[in-house]
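I have placed the structure first, in the form of structure tokens, so that the comments after it can refer back to it.
Throughout, read-outs are computed from the coordinates displayed, never taken from laboratory work. Remember, predicted model here, so these are calculated numbers, not experimental data. Every residue, glycine among them, receives a Cβ derived from its backbone with ideal geometry; neighbour counts consider all protein chains shown.
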Amino acid sequence: MTTTKLSTNAPRAIRSTEDLLAAGLIDPGQRPAVDEVTEELSVAITGTMLAAIGEPSQDDPIYRQFVPSAEELTTGPEELVDPIGDDPFSPVKGITHRYPDRLLLAPVLVCPVYCRFCFRREKVGPGSEVLSEAELNTALGYIRSHPEVWEVILTGGDPLILSARRIAALVAELDAIPHVEVIRVHTRVPVVDPERVTAEMVQALRVATPVYVCIHTNHARELTPEACAACARLVDHGIPLLSQTVLLRGINDDPQSLEELLRTLVKNRIKPYYLHHGDLARGTSHLRTSIATGQRLMRALRGRVSGLCQPTYVLDIPGGYGKVPIGHNFVEPLEDGSEAPRYRVEDIHGERHDYPPSPLPDGVGRPE
């Protein structure tokens, strides 16, 4: 793996435009535009991700995810401050309850890194809040009072940026709610800040209620030896891992990049779960693909990797209407006048077949 050519006074982690300059990730001519971006949107890159950058340019898939650019100053008319519609479904602070049987609990709106495509990019950052004790108690009270809630998803921000002690206390509270039968943790920490996945953090997640950890990663180069070791610490202690990935232009929007990422995940005992179409967050059009591009990629993956490696390609409908699968459609109704429904099905090579197969005349056999 190549590493970024850092200057001798480069910081160990990035927290500001000044740090970006010191690390050689931007040049002085880029500073005015980057300053304008970072006045409103946070910047942070951990040492692990800093070391994973190959070249300091937008052609590098790690750099492109985390380093601000002037392109973020362009906002399309379709782009939104709340692109997936969290706000109308937030009955109390920290809770988003969009689906009957599950909800999101965001105890913190701070992250170890700030992705340039984040759909909460205008809400997260160093000045954002951790829920106060009273606010967290109110959120937990809401969960206790809604027996239809079967699954609680810890999100943020990044919940694993909290100390192991605070995570343990929160998970224990959820574990004690009888109708909560699954706890899910959405995080980037094991990939971008793997040193946080300590023995104490792993122990904090081990309760009677099943806990799943869903890792956010977008490119195989993010899965450094340190990240893989952090993931192994979780799996080895009985915590199942899933992954979610955002489809991003210039980062993973080709079959080779996705295939390498998905195979690397499965090799590390992480089941690919979702491939997200890019949300309509403001200033992110340069990173979004078309849906048609995503569908072509999903079709290509069907023939390239096993079912273990297949994520579900989903779109989060703006306005809070939820996620829907939007992958390639391999089947269409066949209108041939038959009484029973029949279909035309596409195989992985693009060949089409009738289902059920058309009957052959008597005495005629199918080729072997």
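Under the rule of at least 5 residues apart or a separate chain, name every residue whose amide H is placed under 5 Å from the amide H of TYR212.
ILE183, ARG184, VAL185
Please list the equivalent ellipsoid semi-axes of region 17-73, computed as the square roots of five times the alpha-carbon gyration tensor eigenvalues, in descending order and whole angstrom.
Numbers: eigenvalues 59, 26, 25 Å².
Over the Cα atoms of region 17-73, the semi-axes work out to 17, 11, 11 Å.
With θ set to phi - 60° and the Karplus curve 6.51 cos²θ - 1.76 cosθ + 1.60, what are the ³J(HN,Hα) couplings of region 176-184 in order, to the nearest whole Hz, using x for Gly and Pro?
Once rounded to whole Hz, the list reads 7, 8, x, 7, 7, 9, 9, 10, 10.
I need ILE239, ILE14 ordered by Cβ neighbour count within 10 Å, fewest first.
Values: ILE239 17, ILE14 24.
If I rank by nearby Cβ atoms, fewest first, I get ILE239, ILE14.
Quick one: plug the Kirkwood hydrodynamic radius of region 21-178 (C-alpha pairs) into Stokes-Einstein at 10 °C, 1.306 mPa s, and report D in µm²/s. Let's see the in-between values first.
Details: Rh = 17.6 Å.
The estimated diffusion coefficient comes to 90 µm²/s.
List every residue whose amide H lies under 5 Å from the amide H of LYS271, counting only residues 5 or more places away in sequence or on a different chain, with H placed 1.01 Å from N in the peptide plane.
Sorted by chain and number, the residues that satisfy this are LEU241, LEU242, SER243.
Check the chain and count each lysine pair with an alpha-carbon distance under 24 angstrom, considering only pairs eight or more places apart or from different chains. Each step should come with its number before you reach the end.
On the way: LYS93/LYS123; LYS93/LYS323; LYS123/LYS323; LYS271/LYS323.
The result is 4.
Calculate how large, on average over all directions, the projected area of the Cα convex hull of the chain is; give the answer in nm² to one decimal. Walk me through the numbers on the way to the answer.
Values: hull surface 92.7 nm².
Mean shadow area of the hull around the Cα atoms is 23.2 nm².
Express as a percent, rounded to the nearest 5, the fraction of DSSP beta bridges in region 87-325 (both residues included) that run antiparallel. Could you put the intermediate results ahead of the total?
Working: 8 of 34 bridges.
DSSP beta bridges in region 87-325 are roughly 25 percent antiparallel.
Whole-Hz ³J(HN,Hα) for each residue in region 60-65, computed from phi via Karplus 6.51 cos²θ - 1.76 cosθ + 1.60 with θ = phi - 60°, x for glycine and proline: what do you get?
Computed from phi, the couplings for region 60-65 are 8, x, 7, 3, 4, 6 Hz.
So what is the relative contact order of the chain, in percent, for Cα pairs below 8 Å that sit 6 or more residues apart? Working shown, then result.
Values: 714 pairs, mean separation 51.6, N = 368.
Once divided by the residue count of the chain, the mean separation gives 14 percent.
For ARG342, what is the net charge nearby, where nearby means another residue's Cβ is under 9 Å from its Cβ and Lys, Arg count +1, Asp, Glu -1? Please list the in-between numbers first.
On the way: positive: ARG344; negative: GLU335, ASP336, ASP354.
Net of charged neighbours comes to -2.
Measuring from label point to label point, each 7 Å out along Cα→Cβ, what is the SER132 to ALA51 span in nm?
4.0 nm
Please give the FRET efficiency for LYS267 paired with THR74, using the beta carbon to beta carbon distance and R0 = 30 Å, rounded to the nearest 0.05. Write out the running numbers ahead of the final one.
Numbers: r = 38 Å, r/R0 = 1.27.
E between LYS267 and THR74, to the nearest 0.05, is 0.20.
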